[in-house]
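Visitor: Before I ask anything, here is the structure I am working with.
The values are calculated or read from the model by the stated rules, or taken from the named source; none is laboratory data. Predicted model, so just to flag it, every value in this text is computed and none were measured. Cβ coordinates were reconstructed from backbone atoms using ideal geometry, including for glycine residues, and neighbour counts include every protein chain displayed. Remember, those area values only see protein heavy atoms, side chains included, never the ligands or the DNA or RNA. Shrake-Rupley method; radii C 1.70, N 1.55, O 1.52, S 1.80 Å.
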Amino acid sequence: MASAGLARLQGLFAVYKPPGLKWKHLRDTVELQLLKGLNAGKPPAPKQRVRFLLEPVESSKEKELTLTANRVPTLIDHPLVRGLAFTSLKVGVGHRLDSQASGVLVLGVGHGCGLLTDMYNAHLTKDYTVRGLLGKATDDFCEDGRLVEKTTYDHVTREKLDRILAVIQGSHQKALVTYSNLDLQTQEAYEMAVSGVIRPMNKSPMLITGIRCLQFAPPEFLLEVQCMHETQKQLRRLVHEIGLELKSTAVCTQVRRTRDGFFTLDDALLRTQWDLPSIQGAIQAAAPRVAAELEKSLRPWLGTQEPPGPGQPWDSERPRSALEPESHVGH
């Protein structure tokens, strides 16, 4: 029944957003497919009511009529009379991806929209693979942006890139401790640092908890970035700033999210799987893990100041350098 199908749609699931697709269009597409699946279910048997109908008396030769009680279906609930059973569905979007980016995008249905808020409050990290191209700079840090400058890159080596990445990670780790408002001399802070659950308690710029080079084949290079409170534009800017630190220039050719909190690429439904049965199965499979991970992540921060809700930016008014986040603490 449709009501049973709707009951199995309460929770979180992940989809894979391809590049070139806006998140709003993706959400609307998923909602349309879910409504189509719910309305395609077999409708319940129509209710019966008693109606007195005029019928001829069988033994009468003068064609006499009599009222006879008959059970007839009630058409008030028929789809052709009432219309579609489901015309709207509440589908929420987690940490968004811009149209150029791709990867894991978490959606929530029903009470899953509230779980999306819990994901924001937990300050979970996300993983990205970011591809860069040495030798040129553009106005928007993308490969297809307006060309601003072309430079040489023959002097750039893997060792130089690794040193810069180490400096970036070190400076961001210091900023993470600062924004967490923890006293590192306490036992609680020590235990949280050992377990890796130190997270900012208020709004902060993008914080990078890990960054390394996966591939280096000049002019191309591929980075793996673990971060929080980021936007995809900030990640592209990061590639630009790395190019400058290398005494060259660089543009970003790809931003791909491979993990959003406890959802990975393995959990993400492809476009051909954006249908009712696949999404119901994904929600049911993820439900125990979602409950356990959120409980574990939110426990250390109970009683702290409430962070911004979904859709509210973590970034402050002006752009900050991705290389030195701690320089703006307190502003």
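Visitor: Quick check on packing: order 170-176, 270-276 by the mean number of other C-beta atoms within 10 Å, highest mean leading.
Guide: Per-residue Cβ counts within 10 Å, averaged per peptide and sorted highest first, yield 170-176, 270-276.
Visitor: Carbon and sulfur together cover what percent of the accessible area of segment 224-269 at a 1.4 Å probe radius?
Guide: 41 percent
Visitor: Let me ask something else. Measure off, as a whole percent, the carbon and sulfur share of the 1.4 Å-probe accessible area of segment 15-107, all protein chains present.
Guide: C and S atoms contribute 56 percent here.
Visitor: Please compute the per residue accessible area over segment 214-262 with all protein chains in place, 1.4 Å probe, rounded to a whole number of Å².
Guide: Solvent-accessible surface per residue comes out at 35 Å².
Visitor: Could you do me a favour and compute the accessible area per residue for segment 10-82, 1.4 Å probe, result in Å²?
Guide: Accessible surface, normalised per residue, equals 75 Å².
Visitor: A further question follows. For Gln254, which sequence-distant residues (separation of 5 or more, or a different chain) have an amide H within less than 5 Å of its own amide H, given hydrogens modelled in the peptide plane?
Guide: Arg131
Visitor: Pop out the ³J(HN,Hα) list for segment 97-106 in order, Karplus 6.51 cos²θ - 1.76 cosθ + 1.60 with θ = phi - 60°, rounded to Hz; leave Gly and Pro as x.
Guide: With the stated coefficients, segment 97-106 comes to 10, 6, 5, 7, 7, 9, x, 6, 10, 8 Hz.
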